[in-house]
Amino acid sequence: MVSASEKIELIKQEIARTQKNKATEYHIGLLKGKLARLRQQLLEPPPGSNSSAGQGFEVSKAGHARVALIGFPSVGKSSLLSRITKTKSEIASYAFTTLTSVPGVLEYDGAEIQILDLPGIIEGAAEGKGRGRQVVATARTADLILMVLDSTKPESQRSILEYELESVGVRLNKAPPEIDIKPKLTGGVRVTFVQPPVNLDDKMVSGLLRDHRILNADVFIRDPNATMDDLIDAVNIKHRSYIPCLYCYNKIDAVSLEETDRLARLPNSVVCSVQEELGLEDVRERIWDMLKLNRVFTKPKGEKPDLSEPIVVRQKRSTIEDVCNAVHREFKTKFKYAMVYGTSVKHSPQKCGLGHKVHDEDVVTLFTK
């Protein structure tokens, strides 16, 4: 009987030898869909098993956000954790020093950020080599992936790690596809393109859904440039994780200034030398920036604001209601209004309701009924 890993290899070989043109797009798309299904099977528990094949390391979430350190063995993850947190992860010059997940806490302007040092990923991790599945499963719980790379071989390491994460449904610095799939009981597959499509047509959409045993559905494609890969992600959206990634190029003391400058200018990148303690503050700042967190300070009526312990909430969707929930879950039931000082209001202070979106370093006074 052919195993899932062997089927994956056969499909990869067929994709590689198939000439890519307009006539083969449909066939290649179906092959990619099968590949995605088989890879997901590797992460699912075997029949009759109580444990998950893609189960991560048992580390409870703590702090205001979680950052996962991903990288090859001996690239400097453990050293970086020891430098930017108070945790001392085991460090040695040989590979696979870290055999499980080691948590640490980065304290930044009143916020506590959990940093997880994960075992080194090796090529083939997506197919289960090393402890790849556990590493990836834990990484999917992170709010940010910090990919630690060796500055002397940045492109080769980055491409392998991106491929391994991509293979198991982790999408770095990407937004979910603008495709909605709504299964129904009858009526077949009906595809609606909001704008004229460039890469997809009704046949390709219906064929892929049929291959995934979706025979009846309404499909709305809002992005005219959506590809077959986007459609595959939309079909498997429950198994996809869209996570921001900061590329940290370590060991810049071993490369030229010109190469250091080139790496520093790449998108979502930061450079450092953990051994020489260069650029570590930049790493801390970029972690904070990419997590997109807001610090909101409370101000009791008639008193000065408390700047010692901020309430930390998400930047994109943070409202006064989130601030209330952070104080106490029952607080919003007694909420009357809030007086807000800061950049989120036109004039300071301003009377606001639960739906008001807060900005970083806003000061809030909450009034109850």
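Read the figures in this text as sums done on the coordinates, not as results from a lab. This one's a predicted model, so the numbers in the text were calculated from it and none came from an experiment. Methodologically, a virtual Cβ is constructed for each residue, glycine included, from the backbone with ideal geometry; neighbour enumeration extends over all protein chains shown.
Here are some notes:
- Lysines with Cα under 17 Å of Lys351, excluding same-chain neighbours fewer than 8 positions away: Lys299, Lys301, Lys332, Lys334, Lys336, Lys369
- Only lysines eight or more places from Lys184 in sequence, or on another chain, were considered; those with a Cα closer than 30 Å are Lys32, Lys34, Lys174, Lys203, Lys238.
- Using θ = phi - 60° and Karplus 6.51 cos²θ - 1.76 cosθ + 1.60, couplings along the stretch 16-31 (whole Hz; Gly, Pro as x): 5, 8, 7, 5, 8, 7, 4, 6, 9, 4, 4, 5, 5, x, 5, 4
- Under 5 Å from the amide H of Asn173 lie the amide H atoms of Ile243, Cys245, each residue being 5 or more positions distant or on a separate chain, with H modelled from the backbone and absent for Pro and chain starts.
- Between Asn268 and Ser256, the simple spin-label model (points 7 angstrom out along Cα→Cβ) gives 2.9 nm.
- Whole-Hz ³J(HN,Hα) from phi, Karplus 6.51 cos²θ - 1.76 cosθ + 1.60, for the stretch 296-306, glycine and proline x: 10, 9, 9, 10, x, 4, x, 10, 6, x, 8
- Residue-span extension gain [Leu185 to Arg171] - 0.36 nm each, minus C-alpha spacing: 1.9 nm
- Based on Cα contacts under 8 Å between residues 6+ apart, the chain shows a relative contact order of 13 percent.
- Calculated mean residue ellipticity, 222 nm, the chain: -9000 deg cm²/dmol, from DSSP H runs (n ≥ 4) at -39500 (n - 2.57) each, averaged per residue and rounded to 500.
- Put simply, the convex hull of the Cα atoms in the stretch 244-369 casts, on average, a shadow of 10.1 nm².
- Length gained on full extension, Ser308 to Val194, computed as 0.36 nm times the residue gap minus the Cα-Cα distance: 36.1 nm.
- Working from label points 7 Å from Cα in the Cα-to-Cβ sense, the Lys238 to Lys292 distance is 2.6 nm.
- Counting only DSSP beta bridges whose two residues both lie in the chain, roughly 50 percent are antiparallel.
- Antiparallel bridge percentage (DSSP; both residues within the stretch 293-368; nearest 5): 90
- Segment Lys22-Lys334, length gained on full extension (0.36 nm per residue, minus Cα span): 106.2 nm
- Shape class for the stretch 187-241: oblate, because the ratio a/c of the largest to smallest gyration tensor axis (alpha-carbon atoms, square roots of eigenvalues) is 1.5 or more and b/c is at least a/b.
- Here is the P(r) of the chain: all C-alpha pair distances, binned every 20 Å from 0, give 24, 48, 27, 1 in whole percents.
- Phi angles across the stretch 339-351 convert, under the Karplus curve 6.51 cos²θ - 1.76 cosθ + 1.60 with θ = phi - 60°, into 3J(HN,Hα) values of 9, 10, 10, x, 6, 7, 10, 6, 9, 10, x, 9, 6 Hz, Gly and Pro given as x.
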